[in-house]
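*Asks:* Sharing a structure below in structure tokens format, with a few things to ask.
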Amino acid sequence: MTEHPNTLDQFTIVSSQVKSELKTGVVPVVYTGGSHYEIGRQIGEEQRDKVVKMLVSYRQMLASAEDELGLDWDRAILHSRKYQPFIEEFLPQYLDEVRGIADGAGVDFDDLLVLNSIEALTSDALHLKCTSIAAAGEVTADGTVLIGHNEDWLPEDQELQFLVHAIPDDEPPFLAMTYGGLLPNIGFNAAGIAQACDSVYPNDARLGVPRVFVSRKVLSAQTISDAIRATLLRRRAAGYNHLIADSNGEIYNVEVSATAFDAIYAQEGYAVHCNNYLSPLMLGYEDHTEDLIGTRVRVNRARRLMQQRLGRLTVRDFKEILSDHVNYPNSICGHEDPSDPPMDRSRTICSLIIDLQERVMWYCYGPPCSGEYVPYRLEVR
Ligand SMILES: [Zn+2]
């Protein structure tokens, strides 16, 4: 095994570099293209500091939770290798992207495979939150299709975020967010397909293709049925909720577990989702149901805020809804709850609103209640 660059000394240096870069609240964009390996390599080269910092902080997280998880970093590497043959079989192109990120950043591929499988490796011990909302043209003020998402994740990862604007050789161009060494998955492509992902907690997780790889595949879809099919990869390890929309205003919440799914079509022109399964078909696949009360409160709150504005929804309304503080700190705009154990401590690290007609992503670094949304455009058709 080669020498790891991710020492604690380097952590401190990298941390201050990253902080100064993000002082302005404007996130960096990696403009890239070519083969999957080449896309990964350019991401790794440009965002090396963030990849390294994520490796250091996830090593520390696993070390601090070793009693709970029984998983040190070396065991995590061994465990992640069990997932690798499934990725090789079904989605080898995205394993190439991970290889590219590793080579570009000068870190071990094995370490990055752990990051991209972390939810599977920790058996969903990370109880994290997210909120997604979408509106079709008939309920927006000017007929645009809007998709909004608050990404709630570990507070330490906030400074690791960036956008990827990619023109792959064999897929539609896309604009998507990611952080550290993870594959991009939340965003939209030039075929007019948008995706937001929300963690769910299925009880049928198994060895297979980890969720991050499955959701990366959705960004390659040419049609909405392609996108839904991508979430249902035959040998998936678990599942997310994928809120998927197209530029015609077709909107679905695709709730997925390892062995089951339901595709819920938007009612009254809009959809919301948080971290609990909504479909009666999927309720039997939900683990930790009693821990998921905060997410039920958020989903109902988001639904009510959307209903109050139906027919006149704008990007500004989406900003207001995504900044809502009812049930603080477990609100739609999420903040840390100091009474939560460290693995459950999360906050909204970024918020985004996609306008599928304008092909613009309004992106807010940090919680939307105190941040500013900046527009980023997908420049290719
Ligand atoms: Zn807030």
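The values are calculated or read from the model by the stated rules, or taken from the named source; none is laboratory data. Fair warning: this is a prediction, and the values are worked out from it, not measured in the lab. Counting neighbours? That spans all protein chains shown, and the Cβs are built from the backbone with ideal geometry, glycine included.
*Asks:* Considering M361, M343, M282, which residue is buried (at least 22 other Cβ atoms within 10 Å of the Cβ) and in the same structural domain as E156 (by TED's automatic domain parsing)? Quick ask: steps written out before the conclusion?
*Replies:* Working: M343 fails: buried (at least 22 other Cβ atoms within 10 Å of the Cβ); M282 fails: buried (at least 22 other Cβ atoms within 10 Å of the Cβ).
Of M361, M343, M282, the one residue that is buried (at least 22 other Cβ atoms within 10 Å of the Cβ) and in the same structural domain as E156 (by TED's automatic domain parsing) is M361.
*Asks:* Looking only at segment 205-225, decide whether some residue is in a strand (DSSP E or B) and either within 15 Å of the chain's Cα centre (by Cα) or closer than 22 Å to F86 by Cβ (or both).
*Replies:* yes
*Asks:* Kindly check whether there is at least one residue in segment 167-174 that is aliphatic (A, V, I, L, M), buried (at least 23 other Cβ atoms within 10 Å of the Cβ) and within 25 Å of G104 (Cα to Cα).
*Replies:* For segment 167-174, residues aliphatic (A, V, I, L, M), buried (at least 23 other Cβ atoms within 10 Å of the Cβ) and within 25 Å of G104 (Cα to Cα): absent.
*Asks:* Sticking with this one: Quick one: in segment 289-310, of everything that is over 19 Å from Y252 (Cα atoms) and exposed (fewer than 13 other Cβ atoms within 10 Å of the Cβ), which residue is farthest from the ligand (Cβ to nearest atom)?
*Replies:* That would be E290.
*Asks:* Those residues that are within 16 Å of the ligand (Cβ to nearest atom) and of a type in the set (A, V, I, L, M), I need them from segment 344-380; list them, please.
*Replies:* Answer for segment 344-380, where residues must be within 16 Å of the ligand (Cβ to nearest atom) and of a type in the set (A, V, I, L, M): I349, L352, I353.
*Asks:* Determine if segment 320-335 includes at least one residue that is away from the ligand (no atom under 16 Å from the Cβ) and free of Cβ contacts under 8 Å to residues at least 24 places away in the same chain.
*Replies:* Kept after step one, since they are away from the ligand (no atom under 16 Å from the Cβ), are these residues of segment 320-335: none.
No.
*Asks:* Run down K19, K50 and say which single residue is at pLDDT 95 or above and among the charged types (D, E, K, R). Before the answer, list the steps.
*Replies:* Details: K19 fails: at pLDDT 95 or above.
The match here is K50.
*Asks:* I need a count of the residues in segment 203-223 that are within 17 Å of T122 (Cβ to Cβ) and small (G, A, S).
*Replies:* Adding up the residues that qualify gives 2.
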